[in-house]
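Worksheet: one structure, shown below.
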Amino acid sequence: MKPVENLTLWAPGVPYPAQSEMEFAPGMTHILAHDGRTDILPFLHDVTITAHEGRIYIAWYNSTDAEICGSSLIRGRWTDDEGATWSEPFTVVGRIDSAEEHFVPANLFEHNGRLHATITEMTGKNMTAALHLFRKEAGRGVGDPGGDEWERVGQIQHGFICNTPPVELPDGGLISPAWMPMKNGTPAFPAVLISRGAGGSGGSEGGEAAGSLAAEWEPVLLY
């Protein structure tokens, strides 16, 4: 495979604009969806967002102490009124009383009408154990059957970390950027992970699609 050429993202010699000179896009609204200062878990990082069934879902990872210290778990909230109000926080995976497993980060995405998330499991900071695929149960909200319940449907890789959700390929498969850390935590081995079995309707409940999507994703190293 040919090496990827370096891309210039900012013209050399051109100074970055000051924050006061930057403008927000027209019509942008800033909304506080979750306030960690009043939460039982004060550390919050790596927020992901997507739309599903007329709602906006966000998720993040919490730690009971500092980054990936103590317990680290994935939590989220949703809104169905464009952010005016938000649901109570729900937990995708993890426990407050477990300091031996860390789930970080999560990436929400919709596929075949179902809400999914890729989530990395660690045993310590950047010490990856597995990359899991989770799927939200059918139902919309709290009180509905499976409304805010999630299930782990498969382990799709081992030592890789994904920080952004996958995108769909022309053949219906999925591709996601990923990386594998070295022992000292330095990012190394940039890669993409490809799910060739992600296409197809998967039936009304998405069972078939979830099964193929949960098979191991093919890693392609980019160096």
- Could you please rank SER63, SER98, placing first whichever residue has the fewest other Cβ atoms within 10 Å of its Cβ? SER98, SER63
- Query: How many nm separate the modelled label positions at TYR16 and ALA138, each set 7 Å beyond the Cα in the direction of the Cβ?
  - Reply: 4.8
- Quick one: Cα convex hull volume of region 28-130, Å³ per residue? 106
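Please report the net charge: other residues with Cβ closer than 11 Å to the Cβ of ARG196, K and R +1, D and E -1. All intermediate terms of the calculation are to be shown ahead of the outcome.
Working: positive: none; negative: ASP171, GLU216, GLU218.
Here the count lands on -3.
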- Query: Taking neighbour Cβ counts within 10 Å as the exposure measure, how do THR164, THR120, THR91, THR48 sort from fewest upward?
  - Reply: THR164, THR91, THR48, THR120
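Taking the beta-carbon count within 10 Å as an exposure proxy, list THR128, THR85, THR64 from fewest neighbours to most.
Working: THR128 20, THR85 9, THR64 17.
So the ranking, lowest neighbour count to highest, is THR85, THR64, THR128.
Where a number appears in this text, it was derived from the coordinates with a stated rule and is not lab data. Quick caveat: nothing in here was measured; it's all calculated off a predicted structure. Cβ atoms come from the backbone with ideal geometry, glycine included; neighbour counts cover every protein chain shown.
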